[in-house]
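Participant: Below are the structure tokens for one structure; questions will follow.
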Amino acid sequence: MTETPRDNEETIATTPVGKVENFVSKHFVRLLVWLAVSGGALAIFGPWILYVTGLTGETDANLRLHILYVTGGTIAVLGLVETHRKNTVDREKAEVEKENYKKTQDHQTSVLEEQQRQFNVTMDQEREKIKADKAKNEQEHIRQVHAERRSRYSTAIEQLSNDKASIRLGGVYTLVGLVDEWLADEKTIPNIEERRKEGQVIINNLCAYIRSPFLLAERAKQLDGPYTKDLQEDFGGDKEKFDADKRAFSRDKAALEEERQIRQSIIKEIRERLQDIGTPNSWSKFDYNFSNAHYFYVVSFGYSYFSASSKFTGAVFLQDADFSRVKFTERAPFFGATFTERVDFSRVKFTERAPFSGATFPQGVDFSGATFPQGVDFSRATFSWTANFSGAEFTGNADFSGAEFTQNAHFSGAEFTGNAHFSEAEFTGNADFSEAEFTGNADFSEAEFAEASFSGAEFTQNAHFPETEFTGNADFSWAKFTGYANLSETKFTQNAHFSGAEFTGNAYFSEAEFTGNAYFSWAEFAEASFSWAEFAEASFSGAEFTGNADFSWAKFTGYANLSETKFTQNAHFSWAEFAEASFSGAEFTKIAHFHKAAFENKPIFEYTLDNKTYKARFSCKVAPGDYNFEVSHISPYKIETEEQEHNSVKFIIPKGTELFDPDDPFV
């Protein structure tokens, strides 16, 4: 029997087996054959040999059986050893195969990863290439889009100078559309500021077109009317010249109207886009320069919203202009502007200071309900027709110094939170400041008024009217002067109404002139000075002076009614001149001085009406010497006095008057 080689198994094994197992494995077949042959031979011949040799009496069957058992057991042991060896080899072989498989898998994984990496690198390169190509294509597309727009822009600019109105109008609409395109183009220009820069260039061109001169505009008034020339008077009967001139007039009239429509279209397109306040495509954040523009057509910006610079300096508006409810959040100068026809600024709001200095308003202007948070400048402005500022709010300083109001000026209910400057202003028509509120200082020094009403007005700070002239009636009835009220050297040519007025601070009327009637009845004064003032008819009946009242050197050429007037503090009438004067019912709580006063008629200190006698009263709490009734020696009439006594104290007071105790609550 040939032995099976074991070389492969030995080379595969990674862990060496025992020597016995190695020997058994190497000679396994031989050992089996040898054991089988040897065991068989021994079992057959062993007992016989023993029998022959006489060692046993007969052949021992048991011995033969045991020999076979031993031989089989040995063969079984060899089988177990071989089986164990094979199991060990198989296990080691399996481990080796497993390790080899793992190495194979790891190798395959590394190969796959490397392939994946190379694939990814390739794909990244492809993507970068695609991206670069796409970016290049996009840049090229953007360049083409922008180039196409700029080409259209250049063409539109050229169209604006074309002789044909229809082509010029087409250029306008092209430019308007381009602005919208730039603003909406988030794809090619993500930055809104960059988009606005592109749009601003076009806006500048549209504004420049509005500002550009148009020769026929100077003849707008003539061309808007019918042809008026006469064949005989203007052309001496030359029919050919007459027809040629008439055709030229019609041609110019049509050209003017065409240009008017073009420019109105620009204003209309701008206005429509100035009302989209909350949208990102709004035109509100563009700068608009309309300085020195000549508007020979109706202009309407009503309800527009300007959130950037807008200039109307020196602009001329030949027809109606509408700025009602417009909001200007940045500076919007109108100084030197001329509004030939009516203009509406009602409820307009200027967030920054509004300059209108030197502006001219030949027709009516309406600023009612307007708001000026940072003030307004109307200095040297001219209002030739009605100017309506009723209900306007002037939060900052309001400067109307040197302004001219030829017709009515309405400031009723207006609020002046800052200082109000009307110095040297001229009001030829009615000036209505009734119910106006002046929280800051109000300066009307050297102003000139015809008819003026400040009835119910409130002056919280100082009110300056020095050297102001009122040629018509001046109505300050129920006005309130909380601060200093200076009306010194003021001239009241007609009637002056201060009835019910309240002067909480000092009131100065020194050297004021009241040529007409002066009504101060029921007025209330703290400190009041009328020294050197001149009155025609003057009524202070029911007035109350809680501070000192100084009428020294005052002159009353008419009737001076001070009946029922209350003088809580000192009352000075020294050197005053009275034509007629009544002090009946008046109360003098402190000093009363009539030293060197003059009366052309008998002064009245008491009178009777409906069986009731009204007597002047003098306090018994002052020193007797604080009463002085020694009038001027040249006075035609004296103040007749008499001696009265109170608590053994003697007083010299006018005859017919009475003493009273101001501390007595029952008096």
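The values are calculated or read from the model by the stated rules, or taken from the named source; none is laboratory data. Values in this document were obtained by computation on a predicted structure and should not be read as measured data. Positions of Cβ are generated from backbone atoms using ideal geometry, with glycine treated the same way; all protein chains shown enter the neighbour counts. Ligands, DNA and RNA are stripped out before the accessible areas are found, and what is left, the full protein with its side chains, is counted by its heavy atoms. Shrake-Rupley method; radii C 1.70, N 1.55, O 1.52, S 1.80 Å.
Participant: Here are the criteria: (1) within 19 Å of residue 662 (Cα to Cα); (2) out of contact with any Leu (no Cβ under 7 Å at 6 or more places or on another chain); (3) aromatic (Phe, Trp, Tyr). Tell me which single one residue 583 does not satisfy.
Facilitator: Here residue 583 meets the rest and fails (2).
Participant: Considering only strands (runs of 3 or more DSSP E) fully contained in segment 569-667, which possess at least 2 residues that are without any contact (Cβ under 8 Å) to a residue 60 or more places away in the chain and charged (D, E, K, R)?
Facilitator: Result: 577-582, 612-615, 641-646.
Participant: Can you tell me which residues in segment 461-493 are in a loop (DSSP other than H, G, I, E, B) and among the hydrophobic types (A, V, I, L, M, F, W, C)?
Facilitator: 465, 476, 478, 479, 487
Participant: Within segment 331-360, count every residue that is small (Gly, Ala, Ser) and not in a loop (DSSP other than H, G, I, E, B).
Facilitator: Number satisfying all stated conditions: 1.
Participant: Residues 516, 547: which one is touching a residue at least 40 places away in the same chain (Cβ under 8 Å), closer than 22 Å to residue 447 by Cα, small (Gly, Ala, Ser) and open to solvent by less than 20 Å² (accessible area, probe 1.4 Å)?
Facilitator: 516
Participant: Is it the case that segment 214-222 has a residue that's closer than 17 Å to residue 168 by Cβ, of a type in the set (S, T, N, Q) and either out of contact with any strand residue (DSSP E or B) (no Cβ under 6 Å at 6 or more places or on another chain) or exposed (fewer than 12 other Cβ atoms within 10 Å of the Cβ) (or both)?
Facilitator: no
Participant: Has segment 589-605 got at least one residue that is closer than 22 Å to residue 519 by Cα, at pLDDT below 95 and surrounded by fewer than 20 Cβ atoms within 10 Å (Cβ to Cβ)?
Facilitator: No: segment 589-605 contains no residue that is closer than 22 Å to residue 519 by Cα, at pLDDT below 95 and surrounded by fewer than 20 Cβ atoms within 10 Å (Cβ to Cβ).
Participant: Here's a follow-up. Consider residue 209 against the criteria (1) modelled with pLDDT under 95; (2) under 49 Å from the mean Cα position of the chain (by Cα); (3) not charged (D, E, K, R): it satisfies all of them except one. Which criterion is unmet?
Facilitator: (1)
Participant: Pull up segment 530-544, narrow it to residues that are farther than 14 Å from residue 512 by Cβ and not in a loop (DSSP other than H, G, I, E, B), then point me to the one that is most open to solvent (accessible area, probe 1.4 Å).
Facilitator: The extreme case among them is 544.
Participant: If you don't mind, another one. Looking at segment 226-237, can you tell me whether even one residue there is crowded, with 18+ Cβ neighbours inside 10 Å and not in a loop (DSSP other than H, G, I, E, B)?
Facilitator: The answer is no; no qualifying residue exists.
Participant: Still on this structure, I have one more. Does residue 72 satisfy the criteria of being at pLDDT 70 or above and surrounded by 15 or more Cβ atoms within 10 Å (Cβ to Cβ)?
Facilitator: no
Participant: Now for a different question. Only one of 363, 374 is modelled with pLDDT under 95 and either in contact with a Lys or Arg (Cβ under 8 Å, 6 or more places away or on another chain) or not in a loop (DSSP other than H, G, I, E, B) (or both). Can you tell me which?
Facilitator: 363
Participant: Continuing with the same structure: Select from segment 182-200 the residues that are part of a helix (DSSP H, G or I) and farther than 18 Å from residue 274 by Cβ and write down the one among them that is most open to solvent (accessible area, probe 1.4 Å).
Facilitator: The qualifying residue most open to solvent (accessible area, probe 1.4 Å) is 197.
Participant: Got a sec? Which of 397, 408, 419 is within 21 Å of the chain's Cα centre (by Cα) and surrounded by fewer than 21 Cβ atoms within 10 Å (Cβ to Cβ)?
Facilitator: One residue alone meets the criteria, 397.
Participant: I'd like the full set of residues that are open to solvent by less than 30 Å² (accessible area, probe 1.4 Å) and not in a loop (DSSP other than H, G, I, E, B), limited to segment 378-394.
Facilitator: 383, 387, 394 - these are the residues of segment 378-394 that are open to solvent by less than 30 Å² (accessible area, probe 1.4 Å) and not in a loop (DSSP other than H, G, I, E, B).
Participant: If you scan segment 289-333, which residues turn out to be of a type in the set (Ser, Thr, Tyr), surrounded by fewer than 22 Cβ atoms within 10 Å (Cβ to Cβ) and within 21 Å of the chain's Cα centre (by Cα)?
Facilitator: Passing the criteria: 303, 305, 307, 309, 324, 329.
Participant: If you don't mind, another one. Scan (1) within 28 Å of residue 523 (Cβ to Cβ); (2) modelled with pLDDT of 95 or more for the single condition residue 650 breaks and write down its number.
Facilitator: (1)
Participant: For the structure I just gave you, tell me whether residue 604 is touching a helix residue (DSSP H, G or I) at 6+ places or on another chain (Cβ under 6 Å) and hydrophobic (A, V, I, L, M, F, W, C).
Facilitator: Spelling it out, it is not the case that residue 604 is touching a helix residue (DSSP H, G or I) at 6+ places or on another chain (Cβ under 6 Å) and hydrophobic (A, V, I, L, M, F, W, C).
Participant: Please identify the pairs in which a residue from segment 475-488 that is closer than 21 Å to residue 511 by Cβ has its Cβ atom under 8 Å from the Cβ atom of a residue that is β-branched (Val, Ile, Thr) and open to solvent by 20 Å² or more (accessible area, probe 1.4 Å), counting only partners at least 6 apart or on another chain.
Facilitator: Qualifying pairs under 8 Å: 481/504; 483/460; 483/504.
Participant: Identify, please: which residue in segment 545-568 is hydroxyl-bearing (Ser, Thr, Tyr) and assigned to a strand (DSSP E or B) and is, among those, farthest from residue 660 (Cα to Cα)?
Facilitator: This residue is 557.
Participant: Select from segment 404-433 the residues that are assigned to a loop (DSSP other than H, G, I, E, B) and over 17 Å from residue 464 (Cα atoms) and list them in ascending order.
Facilitator: First, the residues of segment 404-433 that are assigned to a loop (DSSP other than H, G, I, E, B): 406-408, 411-414, 417-419, 422-425, 428-430, 433.
If the condition is that a residue be assigned to a loop (DSSP other than H, G, I, E, B) and over 17 Å from residue 464 (Cα atoms), then 406, 407, 408, 411, 412, 413, 414, 428, 429, 430 are the ones that fit.
Participant: A follow-up question, please. Using the structure shown, decide if residue 253 is closer than 26 Å to residue 160 by Cβ, in a helix (DSSP H, G or I), without any contact (Cβ under 8 Å) to a residue 40 or more places away in the chain and open to solvent by 40 Å² or more (accessible area, probe 1.4 Å).
Facilitator: yes
Participant: Test residue 163 against the stated conditions and say whether it is among the charged types (D, E, K, R), free of Cβ contacts under 8 Å to residues at least 24 places away in the same chain and either surrounded by 11 or more Cβ atoms within 10 Å (Cβ to Cβ) or not in a helix (DSSP H, G or I) (or both).
Facilitator: Values: among the charged types (D, E, K, R): yes; free of Cβ contacts under 8 Å to residues at least 24 places away in the same chain: yes; either surrounded by 11 or more Cβ atoms within 10 Å (Cβ to Cβ) or not in a helix (DSSP H, G or I) (or both): yes.
Yes, satisfied.
Participant: On to the next question. Select from segment 437-460 the residues that are part of a loop (DSSP other than H, G, I, E, B) and open to solvent by 30 Å² or more (accessible area, probe 1.4 Å) and write down the one among them that is nearest to residue 502 (Cα to Cα).
Facilitator: Narrowing segment 437-460 to residues part of a loop (DSSP other than H, G, I, E, B): 439-441, 444-447, 450-451, 454-457, 460.
With the extra rule that they be open to solvent by 30 Å² or more (accessible area, probe 1.4 Å), the set shrinks to 439, 441, 446, 451, 460.
Numbers: 439: 16, 441: 17, 446: 23, 451: 21, 460: 11 Å.
Once the filter is applied, the top-ranked residue is 460.
Participant: Given 240, 258, which one is assigned to a helix (DSSP H, G or I) and at pLDDT 95 or above?
Facilitator: Result of the check over 240, 258: 258.
Participant: Go through segment 491-513 residue by residue and tally those that are farther than 19 Å from residue 432 by Cβ, more than 42 Å from the chain's Cα centre (by Cα) and open to solvent by less than 40 Å² (accessible area, probe 1.4 Å).
Facilitator: Qualifying residue count, segment 491-513: 3.
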